[in-house]
Amino acid sequence: MDTEQRPPGPPRNPTPTVDLIIELKGRGIVLIRRRNPPFGWALPGGFVDYGESLEMAAVREAMEETSLDVKLVRQFHTYSDPGRDARQHTISTVFIAQAGGDPVAADDASEAGIFTSESLPGDLAFDHEEILRDYFEERY
């Protein structure tokens, strides 16, 4: 049991988030350039709304940020390092999804692009470099 003294009040819990690796068949994966801090390229995703399942949040965030209607293929992995997001402690469940068409940046995204393992941008936000490394190592 934790022997550290906890401050009075309600417990502080990590916030659930989702991220998506959206595959565009034969073209690569979709990343968005963040409009808000922390800046950089990122997987589409965001916070899970109250009353929303992780799957619902993933589909909603994909549409909001990329204008793509995705089909979730499977849950990939969960990332929970307390330092993964400098703004607050988050736990992200990452989904692999598939879509057709061209991504169009919207909502929190200022730009959307299609990338392969060889063409990933250098300025990835959060722990998305680690997530993509895990994805590409498993995929190929």
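Data for the structure
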| read-out | value |
| --- | --- |
| Relative packing of 21-32, 51-62, which averages over residues the other C-beta atoms within 10 Å, highest first | 21-32, 51-62 |
| Contact order relative to length of the chain, as percent, for alpha carbon pairs under 8 angstrom and 6 or more apart | 31 percent |
| Peptides ranked, highest mean first, by Cβ atoms within 10 Å: ranges 124-135, 78-89 | 124-135, 78-89 |
| Net dipole in debye of the chain [+1 Lys, Arg Cβ; -1 Asp, Glu Cβ; about Cα centre; nearest 20] | 80 debye |
| Ordering of 65-71, 115-121 by burial proxy (mean other Cβ atoms within 10 Å per residue, highest first) | 65-71, 115-121 |
| Rounded tilt (10° steps) of 128-139 against the dominant C-alpha axis of the chain | 60 degrees |
| For the stretch 1-129, the Rg and Dmax computed from alpha carbons only, in angstrom | 15.7, 54 |
| Crossing angle, helix 54-66 versus the chain [Cα axis fit, 0-90 degrees, rounded to tens] | 50 degrees |
| 222 nm mean residue ellipticity, helices alone, for the chain (DSSP H n ≥ 4; -39,500 (n - 2.57); rounded to 500) | -5500 deg cm²/dmol |
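All of the numbers you see were taken from the coordinates with simple rules; none came from a lab. The shown structure was predicted, so the numbers you read here are calculated from the model rather than taken from an experiment. For neighbour counting, all protein chains shown are included, and Cβ atoms are generated from backbone atoms with ideal geometry for every residue, glycine included.
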